[in-house]
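Contents: one structure, followed by commentary.
The values are calculated or read from the model by the stated rules, or taken from the named source; none is laboratory data. Fair warning: this is a prediction, and the values are worked out from it, not measured in the lab. Here Cβ is always computed from backbone atoms with ideal geometry, including for glycine, and neighbour counts include all displayed protein chains. For the accessible areas, the whole protein counts, side chains as well, though only heavy atoms, and no ligand, DNA or RNA atoms are used. Shrake-Rupley method; radii C 1.70, N 1.55, O 1.52, S 1.80 Å.
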Amino acid sequence: MTNPFRDQEKFMRACDQTTGTLNKDQYQLYCNLIKEEFDELCASNNIVDDLDALIDILVVLAFLY
């Protein structure tokens, strides 16, 4: 079985993102992504779009470190 956290770390490193240390630019990027998804959630008119935005927020939060 694969470890999604390890897979995410590999992906982040491949995209020149840091892992395990605070990177202020990367942190700001993640904050902007969360705000964008939150705005989509607030503008949503159906459960499918609600769930899409919420899942996207959870994914960003899970790997914000």
Quiz prompt | Tilt relative to the chain, helix 24-43 - C-alpha long axis, 0 to 90 degrees, to 10 | solution = 20
Practice problem: Enter the angle in degrees (range 0 to 90, nearest 10) between the Cα long axis of helix 47-62 and the first principal axis of the Cα atoms of the chain, meaning the one along which they spread out most. | Solution: 20
Practice problem: For the chain, build the convex hull from the C-alpha positions and give me its volume per residue in Å³. | Solution: 84
Quiz item: All other residues with a Cβ under 13 Å from the Cβ of residue 19 taken together, and with Lys, Arg as +1 and Asp, Glu as -1, what is their net charge?
Solution: 0
Quiz item: How large is the dipole of the chain about the Cα centre if only Lys and Arg carry +1 and Asp and Glu carry -1, each at its Cβ, rounded to the nearest 20 debye?
Solution: 440
Quiz prompt | Selected from 46, 27, 60, residue furthest toward positive end of dipole (the chain; charges at beta carbon) | solution = 27
Exercise. Would you calculate, for the chain, the mean residue ellipticity at 222 nm contributed by helices, counting each DSSP H stretch of 4 or more residues as -39,500 (n - 2.57) and dividing by all residues, to the nearest 500?
Key: -24000 deg cm²/dmol
Self-check item: Of all accessible heavy-atom area on segment 2-42, the percent that carbon and sulfur account for (1.4 Å)
Solution: 55
Practice problem: Find the accessible area per residue for segment 16-65; the probe is 1.4 Å, ligands and nucleic acids are left out, and the unit is Å². | Solution: 73
